[in-house]
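Step one of this worksheet: look at the structure below.
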Amino acid sequence: LGYDRCWYISILAFPFGLYYKMKEEKIKVLWSSQIRYYLTIPLSLCALALCVKSTNEYLFLLCYILIPFIGANLWTRINIEKCGNVVVSFLAGISYEIYLVHGLVMNLIHDYISSNVLFVILTYLLTILLAYCLSKMKNALLSLKR
């Protein structure tokens, strides 16, 4: 359809995120060993570099599985609530809604904005605003159901 790879490849991260959330405790136990934890990232980064260097389209699929894997590995050691990071906690609370509206926002405004900087700023702002509104609507509907 003429879309770049970034439009369809990012959906590979979503099932990984779902799987991670389902098995989070087992994964944390797996990475509780210092050796396993600190070897995982360099090995994953090497595999990522090899996939990118190969320029093989099928190996790029592995890249988009490795990237969230590396992120999940890093985040297992960070307790967001203890860090008190309000922004990260807020975005985590609406992450599914962000996933749902981000592509829509990009499609809606990309023909009307010529400045790349303005496009990025507006995309972030509108995505977060719409995701927040969608989350509030979802919560309101769920509270009606109860």
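Taking the stated definitions as given, is Cys133 over 25 Å from Tyr19 (Cα atoms), free of Cβ contacts under 8 Å to residues at least 60 places away in the same chain and open to solvent by 40 Å² or more (accessible area, probe 1.4 Å)? Yes: the conditions hold for Cys133. Scanning the stretch 91-126 for residues that are open to solvent by 80 Å² or more (accessible area, probe 1.4 Å), in a helix (DSSP H, G or I) and of a type outside the set (A, V, I, L, M) turns up Tyr96, Tyr99, Asn116, Tyr124.
For beta carbons closer than 6 Å, sequence separation of 6+ or different chains, a first residue in the stretch 97-118 that is within 24 Å of Leu134 (Cα to Cα) and a second that is open to solvent by 70 Å² or more (accessible area, probe 1.4 Å) and at pLDDT 90 or above, the qualifying pairs are Val101/Leu130.
The values are calculated or read from the model by the stated rules, or taken from the named source; none is laboratory data. Every value quoted in this text rests on a predicted model; they were computed, and no experiment measured them. Using ideal geometry, Cβ is built from the backbone for each residue, glycine included, and neighbour counts are taken over all protein chains shown. To get the accessible areas, we keep the full protein, side chains included, count just its heavy atoms, and leave off ligands, DNA and RNA. Shrake-Rupley method; radii C 1.70, N 1.55, O 1.52, S 1.80 Å.
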